[in-house]
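Trainee: Structure in structure tokens, see below.
The values are calculated or read from the model by the stated rules, or taken from the named source; none is laboratory data. These numbers were taken from a predicted model, which means no experiment stands behind them. Cβ placement follows ideal geometry from the backbone for every residue including glycine, while neighbour counts extend to all protein chains displayed. Surface accessibility is based on the protein's heavy atoms, side chains included, excluding ligands, DNA and RNA. Shrake-Rupley method; radii C 1.70, N 1.55, O 1.52, S 1.80 Å.
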Amino acid sequence: MPPAQNPDRLRSFVTAFAALLERKPSEAQILRDGGALLQQLVAVDDWLPDTYAQAQPERYQQYLLHADSAERFSIVSFVWGPGQATPIHDHTVWGLIGMLRGAEFAQAYKRTADGRLQLDGAELKLTPGTVEAVSPNVGDIHKVRNAFTDSVSISIHVYGANIGAVQRSVYTEDGASKTFISGYSNTRLPNIWDRSKELKTS
């Protein structure tokens with residue numbers, strides 16, 4: 001697994017994304033410009049601390065990396081063990097998914113006139129460096145799975161809220177839903193703000 005050598009990448013991403021939101025952009029601008037920022041972050045795999053890259057056998061892990069103090073956005077690493085998958089689910093807020101390591105498949109769904117869910121296009125494969133968007137405005141219901149049955153995959157997600165505290169829904173294909181709040185897999189955040197080592201060596 002690649003070593004975590006450059007915490008400045010995540011710190012710089014947080015600062016740039018907060019600056020983007022300070023401009024009060026439209027959702028379309030957030031998905032476009034924020035997507036470009038996320039693409040830069042996941043283009044290099046040398047910054048994610050190993051603690052937040054650990055798969056667990058029982059289910060995929062959602063590690064909180066950063067939560068904006070005003071809860072305007074949150075950043076998480078999704079760690080997929082071999083063959084792991086989500087149920088069909090929504091987000092209720094805008095989101096950006098950037099593939100860091102391995103690969104995943106995402107299958108979008110849409111509602112039919114009678115309220116059932118049906119496949120919305122072909123399954124999308126995300127590979128390292130690629131970014132995809134979700135939101136109630138561009139498509140918000142999907143199912144995601146690790147593309148590999150023998151190795152771990154990791155994606156980095158940015159959401160327009162404190163996503164672990166958002167009430168969302170999982171679905172069956174007949175359209176029935178059940179609400180859930182995901183929470184997070186970790187209780188400690190990475191310390192990206194300690195720049196003392198950099199300052200001591202500069």
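Trainee: With an 8 Å Cα cut-off and a minimum separation of 6 or more residues, compute the relative contact order for the chain in percent.
Mentor: Over the chain, the number comes to 25 percent.
Trainee: In whole Hz, with x marking every Gly and Pro, tabulate ³J(HN,Hα) for segment 118-125 from phi via Karplus 6.51 cos²θ - 1.76 cosθ + 1.60, θ = phi - 60°.
Mentor: Taking θ as phi minus 60°, the curve returns 9, 4, 10, x, 7, 5, 9, 9 Hz for segment 118-125.
Trainee: With a 1.4 Å probe and all protein chains kept in place, how much accessible area does Phe105 have, in Å² rounded to the nearest 10?
Mentor: 40
Trainee: Run the count for the chain, please: Lys pairs, Cα-Cα under 21 angstrom, 8 or more apart or on different chains.
Mentor: Lysine pair count for the chain: 5.
Trainee: If you project the alpha carbons of the chain onto their three principal axes, what span does each projection cover, largest first, in Å?
Mentor: Here the Cα extents, ordered largest to smallest, are 64, 42, 28 Å.
Trainee: Round to the nearest 10 and report in Å² the accessible area of Asp194, as given by a 1.4 Å probe over the protein chains' heavy atoms.
Mentor: Number for this one is 90 Å².
Trainee: If each of Gln40 and Asn191 carries a label point 7 Å out from its Cα toward its Cβ, how far apart are those two points in nm?
Mentor: Each label point is offset 7 Å from its Cα along the Cβ direction, giving 2.7 nm.
Trainee: Students often check this: by mean Cβ neighbours within 10 Å, which of 143-155, 181-193 ranks highest, and how do the rest follow?
Mentor: Highest to lowest by the protection proxy: 143-155, 181-193.
Trainee: Continuing with the same structure: Applying the Karplus parametrisation 6.51 cos²θ - 1.76 cosθ + 1.60 with θ = phi - 60° to the phi angles of segment 162-173, what ³J(HN,Hα) value in whole Hz is obtained for each residue in order, glycine and proline being reported as x?
Mentor: Each residue of segment 162-173 in turn: 7, 4, x, 10, 8, 6, 10, 9, 9, 9, 9, 5 Hz.
Trainee: From the phi angles alone, apply the Karplus equation (6.51, -1.76, 1.60; θ = phi - 60°) to segment 76-90 and give each ³J(HN,Hα) in whole Hz, x where the residue is Gly or Pro.
Mentor: 9, 9, 9, 10, 9, x, x, x, 6, 8, 8, x, 5, 8, 10
Trainee: Could you give the angle, 0 to 90 degrees to the nearest 10, between helix 8-22's Cα long axis and the longest principal axis of the Cα atoms of the chain?
Mentor: So the inclination is approximately 60 degrees.
Trainee: So, with +1 on the Cβ of K and R and -1 on the Cβ of D and E, and no other charges, what is the size of the charge dipole of segment 1-71 about its Cα centre, to the nearest 20 debye?
Mentor: It works out to roughly 160 debye.
Trainee: Quick one: if the Förster radius is 22 Å, what FRET efficiency do Gln56 and Thr149 give, using the C-beta to C-beta distance and rounding to 0.05?
Mentor: 0.85
Trainee: What figure, in Å² to the nearest 10, do you get for the accessible area of Asp174 with a 1.4 Å probe and non-protein molecules left out?
Mentor: 80
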